[in-house]
Each structure stands twice: as structure tokens, then as C-alpha cells.
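The values are calculated or read from the model by the stated rules, or taken from the named source; none is laboratory data. Only a predicted model underlies this, so the values are computations on that prediction, with no experimental measurement involved. Here the Cβ positions follow ideal geometry from the backbone for every residue, glycine too, while neighbour counts run over all protein chains shown. Ligands, DNA and RNA are excluded from the accessible area calculation, which covers all protein heavy atoms including side chains. Shrake-Rupley method; radii C 1.70, N 1.55, O 1.52, S 1.80 Å.
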Amino acid sequence: MKLVALPAFSDNYIWMLHDGRRAVVVDPGDAAPVQAALEHDDLVLAAILVTHHHPDHVGGVDALRALLKGPVYGPAREAIPRPFTPLAGGEHVDVLGLDFEVIDVPGHTAGHIAYAQRGGAAAPILFCGDTLFSAGCGRLFEGTPAQMADSLARLNALPGDTQVCCTHEYTLSNLRFAAAVEPGNADIAAYAETCRRLREAGRPTLPSSLALERRVNPFLRCSVPEVAAAARSHDGRHDATGRDAVATLAALREWKNHYR
Ligand code: ZN
Ligand code: FE
């Protein structure tokens, strides 16, 4: 089974999983790179998985239907191109013989879902859309910090060797922010160096792994005292008492929205 990140637009990835014969794509915002990849490797498109309704994730769905030999799966509570098989979380979908669990992860959008595979011979795979980025998380367009904290906790409960397949190449800019939050975190500095080299070579920084994200991603580290303290000192509400992880996440998200 091969996992490939097809670049689209300026910084999107359309993830493609294929077995040399059949392929599945996730969040095809543009049909062209998918068509090119299918043709290049002579693959049949067996399914499309959609995580949320934003145009850069669904824009290519209708154009791909002519080639599609299977279902479009998508979030039940969002308006995505019809027809599709609606999923709300808790279901299992078969993807090229692999079992993927659907996880409800509201926050970036209200009905955002993720697809998590576990078990099998290779490291498990997570398609997390715009919920979890390497060293960051999605903006809260339709959800609350509490919802995003719950959603990230659900993803963080997956095994450490899970391959985290995010839909945007935001890693280096996220790591600049992560280093501002935790200047003393050596894992962040080392990972930034690795990612710089990958980008210079024209390669994606993804997939990441959940184990790595636990060490470098401030949004998964809201319970770490240094992260909570940085969030506290930044948002001006210098409450001396402890604050919960949700308040820390809210402050981090707000800080990052304005961080340049
Ligand atoms: Zn989005
Ligand atoms: Fe996006």
C-alpha cells in the first residue's frame, strides 16, 4: 500500500492511498492532480473521502465522479457535493481492504470528521483534514476552543506511530510559533531543521507522527506547565491560579491568529 501526498493549490495536499491497482483520495480540492496521478500509475479511483466542506477540500469531487468506481464519503452535518454517504462519527469504512474508523472532530468546521486506521502491518494512518496540522491546529471558524480541545484529545488517543496526514503544508510556519511558545523545547528546534531540509529538497514535511506531535505541537501540549504559562502571559489575563487546558488552547489559538 502506498501513501502519497499530491500537492494542490499553493499549500494543500490531496492524500492518495493506493495498492498499485486501486486508489482512494482524501479531500480532492482540485481534480487535475488526482487525474494526473491516476493516469500516471494506471489506477482506478475506488473512493473519495471528505473531511469537511471547505472549497479547497471538495472543489474537485464532482469532476472526479466520471472516473469514480465507488462511494464518496463525507460529513453528515455539512453541505458537500451530493450524492455522498453521510458519516457522523463512530462508523467504520472499508478503504482498499483497510478498516478506517470515523471520528467526529468539530472545531475548524461544525461537522468536521477524521478517518483513522489502526492495526495492519504498516504504521496506522490518520486523515485529519484541517483539524490537526503538524505543530499546529486548524482555525476555529465554526467551533469553540472546548470543541477543538475535545477533538484533538480524540485524535491524540490514537497510537503514537500513527502517520498524521494533514491537508496543508503549514509545518515550518507552525514551528516558528511553537518555538515562540516554548523557546526551550529542543525537539521543536531539531524538527524545524529537519523540515527546512525537506522543503529545500522540494519534499513534503508530512506525514508526521502522533508521537512527534506530542513533543512539538503546542495545541497537544496545553497541559504542559511551560505552555500554559506562555499562553497565560500572552493573553494579558494574568490569573495566577492554574487554568485548564481549554483556556490555554483558546489563548494559544488567539495568539497564533495574530502571530507573524
Ligand atoms: Zn478548511
Ligand atoms: Fe483547508
_Heavy-atom accessible area order for HIS40, HIS57, largest first, 1.4 Å probe_ = HIS40, HIS57
_Carbon + sulfur, % of accessible area of the chain - ligands and nucleic acids excluded, 1.4 Å_ = 53 percent
*Quick one: accessible area per residue over the range 156-254, 1.4 Å probe, rounded to a whole number of Å²?*
46 Å²
_Explain nothing, just the number: dipole magnitude of the chain about its Cα centre with +1 on each Lys and Arg Cβ and -1 on each Asp and Glu Cβ, in debye rounded to the nearest 20._
380 debye
*Accessible surface of VAL216 - all protein chains present, 1.4 Å probe, nearest 10 Å²*: 0 Å²
_Computed over the chain: relative contact order in percent, which uses C-alpha pairs under 8 Å that are six or more apart_ = 13 percent
*Which net charge results when you count Lys and Arg as +1 and Asp and Glu as -1 among the other residues whose beta-carbon is under 13 Å from that of TYR73?*
-4
*Under 13 Å from the Cβ of SER10, count the other residues' Cβ atoms, weight Lys and Arg +1, Asp and Glu -1, and hand me the total.*
-4
*Could you tell me how many degrees, from 0 to 90 and to the nearest 10, lie between the Cα long axis of helix 145-156 and the main elongation axis, the longest principal axis, of the Cα atoms of the chain?*
60 degrees
*In degrees from 0 to 90, rounded to the nearest 10, what is the angle of the helix 186-200 Cα long axis to the longest principal axis of the chain?*
40 degrees
*Quote to one decimal, in nm, the extra length available between ARG203 and LEU96 on full extension: 0.36 nm per residue of separation minus the C-alpha distance between them.*
35.9 nm
*How far is helix 225-234 tilted off the main Cα axis of the chain, in degrees rounded to 10, range 0 to 90?*
80 degrees
*Pick from ARG199, ARG77, ARG139: which residue has the top mean-square fluctuation in a GNM of the chain where Cα pairs under 10 Å get a spring?*
ARG199
*Ignoring ligands and nucleic acids, what accessible area does ARG196 show with a 1.4 Å probe (Å², nearest 10)?*
100 Å²
*Considering only the chain, what is the antiparallel percent among its DSSP beta bridges, to the nearest 5?*
65 percent
*asked:* Cα atoms only: what Rg and Dmax, in Å, come out for the chain?
replied: 18.2, 61
*asked:* Given the DSSP H assignment, sum -39500 (n - 2.57) over each helix run of at least 4 residues in the chain and divide by its residue total; what's the result at 222 nm in deg cm²/dmol, nearest 500?
replied: -9500 deg cm²/dmol
*asked:* Contact order normalised by length for the range 1-84, with contacts defined as Cα pairs under 8 Å and 6 or more residues apart; what percent is it?
replied: 24 percent
